[in-house]
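> Just dropping this structure here.
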Amino acid sequence: MTKSYGRFLLLGLLLCGCLSRSQPFTPGVLRFNLLTEPPTLDWSLAADSASIWVLNNLMEGLTSYDRDLNPIPALAERWEILEGGLRYRFHLRPGILWSDGVPLRARDFVYSWRRLVDPRTAAQYAYFLYDVKNARAINSGEIRDLEQLGVRALDDLTLEVELEKPIVFFPSITTFIVTFPLRREIIERWPESWSEPEHIVTLGPYRLQEWHHEYKLVLERNSTYYGPRPSLDRIVFYMITEASSALTLYETNSLDFLPQGSVPSVAIPFLRGSPEFKSFPYLGSYYYGFNVKKPPVDNALVRRALCLAVDRSKIPEILKGGQIPCSSWIPQGMFGHNPGIGFRFDPERARQFLAEAGYPGGRGFPRLTIAFNTDEGHKLVAQFIQQQWREHLGIPVELNNMEWKVYLKELEQDPPQVFRMGWIADYPDPDNFMAIFTSSSGNNHTGWKSREYDELIARAAVEPDREKRQALYDQAQRRLCETEIAILPLYTYAQNTLHKPWVQNYPFNAMDLVYLRDVRVEAP
Amino acid sequence: MIRFLVVRLLSGALVVWVVATLTFFIMHAVPGGPFDTEKKFPPEIKRNIEAKYHLDQPVSIQYAYYLRDLAHLRFGPSFKYINRQVQDILLDTFPVSLVLGFWALCWAVAVGVSAGVVSALWRDRALDRISIFAATLGISIPNFVLGALLILILSHRLKLLPPALWEGWRYLILPALTLGAGPAAYLARLTRSSVLEVLEKDYVRTARAKGLSGFTVIGKHVLKNSLGPVVTVIGPLTAMLVTGSFIVEKIFSVPGMGKYFITAVTNRDYPLVMGVTIVYAVLIVLMNFIVDLVYTWLDPRVRLD
């Protein structure tokens with residue numbers, strides 16, 4: 001119903017010629033659509049993009065990202081890698097103050113990490129630290145002594161971390177909010193409300209001034225911030241869930257920035273060409289998974305035929321959101337991406353493989369169902385795939401959409417023959433994408449298990465040589481997408497944003513990380 | 001009167017308990033849990049979360065916890081909004097929906113009842129036809145279309161009112177107009193037919209024969225006697241309007257509780273579902289009680305006992 005509203009309103013906006021009007025703004029104040037209420041600002045417990053967007057401006061970690069998503073020093077001015085990568089020693093910058101004037105100490109990290117893996121905290125992202133010694137055992141309750149966690153403060157400015165294995169992407173892990181330091185005394189004093197404006201203490205470029213739940217969050221410049229002076233005086237995060245309403249407010253100059261997810265997809269074709277519109281790749285991939293235990297897709301020849309019969313190049317025309325077709329799994333823009341892997345559209349070969357599988361011309365092919373969660377975009381993709389398989393292979397395909405939580409339960413308990421899924425990067429390393437199809441991963445709904453694949457992923461995670469690492473991921477991707485074919489990668493996501501000309505120096509990046517420290521709002 | 005109050009209080013409590021219990025078990029029977037997410041986390045993490053919220057206990061035990069909390073007027077912590085109690089969420093958002101719903105109801109009743117009376121009095125004349133047409137439009141146009149139209153005309157074209165947000169009384173007008181339009185149209189039609197029916201009554205004819213002025217006949221005899229069906233509808237209508245509307249609050253970015261009727265269910269946020277359901281049930285019971293009181297004023301033949 002709200003989609004209908006969006007189309008209706010958009011049509012009216014276009015007819016009124018409202019998309020080109022400009023109005024004044026307030027210098028130094030950024031009005032940004034957060035889309036939704038952050039479920040929490042407790043950074044041990046936050047697990048959603050709205051919370052993460054806000055927290056990345058209230059707090060910092062040991063490391064941060066540069067514009068190319070390489071980890072760079074943040075609260076740690078440098079780090080040493082010891083014992084072949086099994087031990088990391090972080091040296092904190094001296095003189096960093098929390099917003100209440102208390103100096104940052106290494107023990108603030110120790111407390112935060114112990115709290116994160118403490119089972120009583122029940123943090124969704126506790127597994128981010130599972131490569132730290134004893135973290136998993138503590139989180140699962142096998143070890144009850146939190147002091148057994150492989151992290152300790154050598155002194156006020158030195159933090160040492162002991163790992164279970166020498167993972168090469170650990171400095172990327174420490175960019176993530178759940179690893180940020182915490183003040184024990186604040187949390188113990190206000191256990192339920194420490195993250196509300198009246199109690200919270202932070203050390204990032206901005207501090208929390210106001211939180212009107214379900215409506216807006218206001219941040220102001222943090223005068224105790226250790227780094228360069230933040231450019232903005234205030235940031236107002238509005239929580240506008242309806243994309244068309246957000247666009248209306250943008251057009252009437254009540255908002256300055258619409259991030260990914262806030263620009264209505266029906267508006268994108270009309271916005272292309274505007275200097276305020278920006279579309280760029282997102283480290284996220286969309287795929288169709290095969291349940292390799294269910295006929296007829298238990299037959300690798302059938303899966304091969306299905307992959308070859310899809311012309312992905314038409315997907316951007318259908319979805320109109322700047323999606324980038326891809327045949328391999330690691331997304332464009334990430335180390336390990338190899339566009340040469342995977343099947344290209346070849347209907348002739350597809351028919352041959354189908355005949356080889358015992359279904360010449362699609363004759364005798366059993367009923368095949370594509371499952372997806374109810375959503376207009378997923379429906380369009382499913383209808384397209386259905387049409388492709390019917391046209392090129394002559395097989396009957398049914399569609400089955402389900403409410404989101406029902407769909408997730410179905411994937412967990414009895415994955416359909418063919419199902420849609422996607423993955424968005426938690427950290428910009430191929431391990432984050434490739435590990436989800438290992439045998440023990442809860443995110444692998446395909447039923448496909450390969451010891452060789454698991455070994456390749458485990459070796460790649462600790463391989464420091466980039467060329468060797470690339471080769472390992474190439475081998476693994478070939479197994480996943482070409483030889484054993486557990487999935488059919490379809491496209492890499494795109495981010496579509498709108499920003500007013502007076503919003504300057506915004507650090508657009510492929511992970512949709514919202515770092516507003518250096519953003520300026522001033523006359524262009 | 002006391003007997004009436006006691007009986008209504010007890011029956012109201014019973015209704016709320018039945019609603020709460022049915023909702024509790026239906027919610028738990030729906031496939032998919034509150035912590036089923038696209039990115040599945042390791043099983044030990046899921047166990048930790050379920051233990052924190054007692055979801056690892058049998059449903060009967062969870063129900064006992066739920067009743068215990070309810071007896072203390074607590075709904076428990078939200079599963080979605082971490083560290084926030086459901087009653088705090090409702091206290092933040094219900095007043096917003098209440099204000100919006102109140103003004104929507106005010107204009108719906110004022111315009112709807114007036115239009116219905118005028119329409120009936122000038123039956124089959126131009127005013128009646130206009131009123132019927134407007135009422136039919138009001139009932140037929142979905143509120144998301146009306147909301148968009150109002151934004152386009154009053155915000156974009158005429159620049160009279162803000163298109164969305166919640167910063168003061170000017171921000172209230174468009175959502176209140178949108179929310180109240182359907183009920184106003186419905187009340188207009190209901191009032192018209194009710195007034196027409198009363199106009200045919202013998203006592204109205206007698207009043208006119210006695211030489212009373214038209215104004216007195218309408219004001220004293222017709223209006224009061226034709227409001228019964230309208231009042232019946234206004235009870236549940238009030239409960240519906242003051243608890244918010246998912247669509248209207250979404251379109252105008254109003255921070256009310258209406259959205260939770262949908263999002264709490266899709267998130268499987270059981271405590272929040274229970275919270276909004278119980279608030280709604282209590283309001284329905286309360287409004288029906290008030291309607292019964294109003295009946296006694298409208299029609300002295302109605303006795304509370």
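> Mind listing whichever residues of the stretch A:13-31 are at pLDDT 55 or above and surrounded by 17 or more Cβ atoms within 10 Å (Cβ to Cβ)?
Answer for the stretch A:13-31, where residues must be at pLDDT 55 or above and surrounded by 17 or more Cβ atoms within 10 Å (Cβ to Cβ): A:PHE25, A:LEU30, A:ARG31.
> Looking only at the stretch B:242-265, how many residues end up being surrounded by 21 or more Cβ atoms within 10 Å (Cβ to Cβ) and either more than 10 Å from chain A (Cβ to nearest Cβ) or among the aromatic types (Phe, Trp, Tyr) (or both)?
Qualifying residue count, the stretch B:242-265: 9.
> From the list B:TYR295, B:TYR280, which residue is more than 30 Å from B:VAL86 (Cβ to Cβ) and in a helix (DSSP H, G or I)?
On the way: B:TYR280 fails: more than 30 Å from B:VAL86 (Cβ to Cβ).
So the residue among B:TYR295, B:TYR280 that is more than 30 Å from B:VAL86 (Cβ to Cβ) and in a helix (DSSP H, G or I) is B:TYR295.
> Hey, could you check the stretch A:32-64 for residues that are more than 14 Å from chain B (Cβ to nearest Cβ) and in a loop (DSSP other than H, G, I, E, B) and say which is most open to solvent (accessible area, probe 1.4 Å)?
A:GLU60
> Give the residues of the stretch B:6-65 that are among the charged types (D, E, K, R) and in contact with a Gly (Cβ under 7 Å, 6 or more places away or on another chain), sorted by residue number.
B:LYS40
> Taking the stretch A:421-466, which residues are within 18 Å of A:GLY333 (Cα to Cα), surrounded by 20 or more Cβ atoms within 10 Å (Cβ to Cβ) and away from chain B (no Cβ under 14 Å)?
If the condition is that a residue be within 18 Å of A:GLY333 (Cα to Cα), surrounded by 20 or more Cβ atoms within 10 Å (Cβ to Cβ) and away from chain B (no Cβ under 14 Å), then A:PRO428, A:ASP429, A:PRO430, A:ASP431, A:MET434 are the ones that fit.
> With the requirement that a residue be open to solvent by 40 Å² or more (accessible area, probe 1.4 Å), in contact (Cβ under 8 Å) with a residue 24 or more places away in the chain and part of a loop (DSSP other than H, G, I, E, B), what does the stretch A:103-130 give you?
The one that is open to solvent by 40 Å² or more (accessible area, probe 1.4 Å), in contact (Cβ under 8 Å) with a residue 24 or more places away in the chain and part of a loop (DSSP other than H, G, I, E, B): A:ARG105.
> Does the stretch A:65-91 hold any residues that are in a strand (DSSP E or B), touching a residue at least 60 places away in the same chain (Cβ under 8 Å) and touching a strand residue (DSSP E or B) at 6+ places or on another chain (Cβ under 6 Å), and which are they? So that I can check it myself, show each step before the final result.
Going through the stretch A:65-91, the residues in a strand (DSSP E or B) turn out to be A:65, A:71-73, A:76-82, A:87-91.
Next cut, touching a residue at least 60 places away in the same chain (Cβ under 8 Å) only: A:65, A:71, A:76, A:79, A:87-91.
Hits for the stretch A:65-91 are A:PRO71, A:ALA76, A:TRP79, A:ARG87, A:TYR88, A:ARG89, A:PHE90, A:HIS91.
> Look at the stretch B:90-120 and say how many of its residues are under 18 Å from B:TYR260 (Cβ atoms) and either of a type in the set (S, T, N, Q) or not assigned by TED's automatic domain parsing to the domain that holds B:SER245 (or both).
2
> So for the stretch A:234-247 (the condition being open to solvent by less than 10 Å² (accessible area, probe 1.4 Å), more than 12 Å from chain B (Cβ to nearest Cβ), of a type in the set (Gly, Ala, Ser) and out of contact with any His (no Cβ under 9 Å at 6 or more places or on another chain)), does at least one residue qualify?
No, there is no match, as no residue in the stretch A:234-247 is open to solvent by less than 10 Å² (accessible area, probe 1.4 Å), more than 12 Å from chain B (Cβ to nearest Cβ), of a type in the set (Gly, Ala, Ser) and out of contact with any His (no Cβ under 9 Å at 6 or more places or on another chain).
> Between B:PHE35, B:PHE24, B:PHE79, which is assigned to a helix (DSSP H, G or I) and surrounded by 15 or more Cβ atoms within 10 Å (Cβ to Cβ)?
Result of the check over B:PHE35, B:PHE24, B:PHE79: B:PHE24.
> Among the residues of the stretch B:46-82, which ones are within 11 Å of another protein chain (Cβ to nearest Cβ) and over 21 Å from B:THR266 (Cβ atoms)?
Within the stretch B:46-82, B:ARG47, B:ASN48, B:ALA51, B:LYS52 qualify.
> Still on this model: Only residues that are within 11 Å of chain B (Cβ to nearest Cβ) and either at pLDDT below 95 or farther than 19 Å from B:LYS39 by Cβ (or both): list them for the stretch A:129-175, please.
Within the stretch A:129-175, A:ALA137, A:ILE138, A:GLY141, A:GLU142 meet the criteria.
> Among the residues of the stretch B:129-141, write down those that are without any contact (Cβ under 8 Å) to a residue 12 or more places away in the chain and either surrounded by 14 or more Cβ atoms within 10 Å (Cβ to Cβ) or more than 19 Å from B:GLU197 (Cα to Cα) (or both).
Selection gives B:ILE130, B:PHE133, B:SER140.
The values are calculated or read from the model by the stated rules, or taken from the named source; none is laboratory data. If you're wondering where the values come from, they're calculated on a predicted model, not measured in any experiment. Please note: Cβ atoms are built from the backbone with ideal geometry, for glycine as well, and neighbour counts cover all protein chains shown. Areas reflect the complete protein model, heavy atoms only, side chains present, ligands, DNA and RNA absent. Shrake-Rupley method; radii C 1.70, N 1.55, O 1.52, S 1.80 Å.
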